[in-house]
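Everything below concerns the one structure shown next.
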Amino acid sequence: MILVQCKDGSTIKLNPARPQDRVAIDHPYNQRNIRRVSIVDYEGHRVDLPRLTDHYTRIWIEYLSKNGVSKGERVSMRNGRDVLQVTLYFSDGRVVINNTE
């Protein structure tokens, strides 16, 4: 589950398995309204991405599957050339954080 905290104080729960949820935050207006994004595992542990401080940061979510079998979900954040990815794998509940430049 992906939680998106907005600047107006509301929180949106997104399920990357649903196509309409994957594109829900793609509009530039929605991107500007995002304050923080978190990924939550099945045990309730939450991993927060850094707070968004400028309007140049881009957020997107992905659903990971292979041959029709769900493997996990990912939240990615890009600021300039830096990309931070947080991935939750369903098989063992691991949360993996990758930071690339």
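Throughout, read-outs are computed from the coordinates displayed, never taken from laboratory work. Quantities reported herein were computed from a predicted structural model and do not represent experimental measurements. Positions of Cβ are generated from backbone atoms using ideal geometry, with glycine treated the same way; all protein chains shown enter the neighbour counts.
For the chain, trypsin sites (Lys or Arg not before Pro) are listed when DSSP marks them as loop and at most 11 other Cβ atoms sit within 10 Å of their Cβ; the list is 7, 51, 81, 94. Note on the chain: helix-only mean residue ellipticity at 222 nm, from DSSP H runs of 4+ residues weighted -39500 (n - 2.57) and normalised by residue number, equals -2000 deg cm²/dmol. The length gained on full extension between residue 55 and residue 13, counted as 0.36 nm times the residue separation minus their Cα-Cα distance, comes to 13.0 nm.
The length gained by stretching the chain between residue 29 and residue 90 to full extension, at 0.36 nm per residue less their Cα-Cα distance, is 18.8 nm. For residue 7, the aspartates and glutamates whose Cα falls under 13 Å of its own Cα, not counting residues fewer than eight places away in the same chain, are 54. A value for Rg and Dmax of the Cα atoms in Å was derived from the coordinates, and within the list (1) 13.1, 39; (2) 16.0, 56; (3) 14.0, 50 it appears as (1). For residue 69 and residue 99, what does the FRET efficiency come to when R0 = 25 Å and r is the distance between their Cβ atoms, rounded to the nearest 0.05? Step by step, r from the Cβ atoms, then E = 0.35.
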